[in-house]
Amino acid sequence: MNQLDPSRPLSQTDRTRHHRLREQGSFNRADLDAILAAGFVCHFGVTVDGNLLVMPTVYGSDGNTLYFHGSVASRSLVASPTATVCVTVTHIDGLVLARSVFEHGVNYRSAMIFGTPRPVTDPDEKWAGLRCLTEQATPGQWDYARQPSRKELAATSLLALSLDEASVKIRTGAPDDGDTPDAELGLWAGVLPLHTHWGDLQADPALTGDIKAPLHLAERQGVTLN
């Protein structure tokens with residue numbers, strides 16, 4: 001499947017227009033792709049039995065579609081097949097510490113995707129979607145580990161959500177009060193960066209014999225995610 005054209009801007013709808021902090025908004029599809037590629041955990045909101053639930057789950061993106069686990073949402077969508085969900089992915093890059101608490105903020109990259117997901121029932125697409133999800137979190141693991149059996153594949157709930165309707169916001173840089181009267185207070189201001197990195201591998205105590213970690217995992221130790 002070909003990816004959507006990264007030069008084509010994101011669509012502007014009532015749900016994706018930036019009503020606040022418009023200067024942080026982006027309709028650049030490449031920004032959406034970069035935010036999705038940088039992570040593998042999302043939160044999605046869905047109404048189940050009249051109650052709004054927001055649940056974390058893992059995801060994978062192929063450039064056109066977001067695949068994610070969601071057994072509770074799958075059951076809800078059977079009863080309400082036209083229900084809309086909102087999926088969010090957020091990366092925190094640092095705390096923005098200003099001279100006044102009012103001007104404090106966060107440097108971040110965030111995407112919201114709206115739409116009606118569909119349960120993936122075709123075995124070939126489910127296989128491809130689970131591979132996409134697995135490889136997004138741990139590149140190389142799909143081919144290394146045992147792949148799902150037919151029974152496991154049938155027991156797995158996978159949802160597919162189009163990336164056609166999405167909203168992106170990004171905040172970077174220093175505090176905004178450097179040219180205000182608060183700059184005369186003599187207080188330090190700036191950014192406290194936040195970085196996430198992979199730690200050392202921890203072998204399963206149940207391993208027997210001299211089983212070494214595969215290269216694709218060993219190489220990720222110490223790698224910074226953002």
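Of note:
- Residues within the stretch 117-132 that are touching a Leu at 6+ places or on another chain (Cβ under 8 Å) and surrounded by 13 or more Cβ atoms within 10 Å (Cβ to Cβ), tallied: 8
- Residues of the stretch 153-174 that are in a strand (DSSP E or B), more than 17 Å from Gly60 (Cβ to Cβ) and hydrophobic (A, V, I, L, M, F, W, C): Val168, Ile170.
- The selection criterion, being of a type outside the set (S, T, N, Q), on the phi < 0 side of the Ramachandran plot and either under 25 Å from the mean Cα position of the chain (by Cα) or surrounded by fewer than 16 Cβ atoms within 10 Å (Cβ to Cβ) (or both), holds for Asp164.
- Looking only at the stretch 1-43, and only at residues there that are assigned to a loop (DSSP other than H, G, I, E, B), at pLDDT below 70 and among the polar types (S, T, N, Q), the one that is surrounded by the most Cβ atoms within 10 Å (Cβ to Cβ): Thr16
- For Leu217, the criteria (1) modelled with pLDDT of 95 or more; (2) within 30 Å of Ala38 (Cβ to Cβ); (3) not in a helix (DSSP H, G or I) hold in every case but one, which is (3).
- The set of residues in the stretch 91-120 being in contact with a His (Cβ under 9 Å, 6 or more places away or on another chain), closer than 22 Å to Phe44 by Cβ and not polar (S, T, N, Q) consists of Tyr108, Arg109.
- Within the stretch 135-168, the set of residues being without any contact (Cβ under 8 Å) to a residue 60 or more places away in the chain, closer than 27 Å to Arg220 by Cβ and among the charged types (D, E, K, R) comprises Asp143, Arg146, Glu152.
- Residue pairs meeting the criteria (Cβ under 8 Å; at least 6 apart or on separate chains; first more than 16 Å from Thr90 (Cα to Cα) and surrounded by fewer than 15 Cβ atoms within 10 Å (Cβ to Cβ), in the stretch 51-70; second modelled with pLDDT under 90 and of a type in the set (A, V, I, L, M)): Leu52/Val46; Leu53/Val46; Leu53/Val72; Asn64/Met1; Asn64/Leu4
- Selection status of Pro181, more than 30 Å from Leu10 (Cα to Cα), free of Cβ contacts under 8 Å to residues at least 24 places away in the same chain and surrounded by 16 or more Cβ atoms within 10 Å (Cβ to Cβ): no
The values are calculated or read from the model by the stated rules, or taken from the named source; none is laboratory data. For clarity, every value in this text was computed on a predicted model and none was experimentally measured. With ideal geometry, Cβ positions are generated from the backbone for all residues, glycine too; neighbour counts draw on all protein chains shown.
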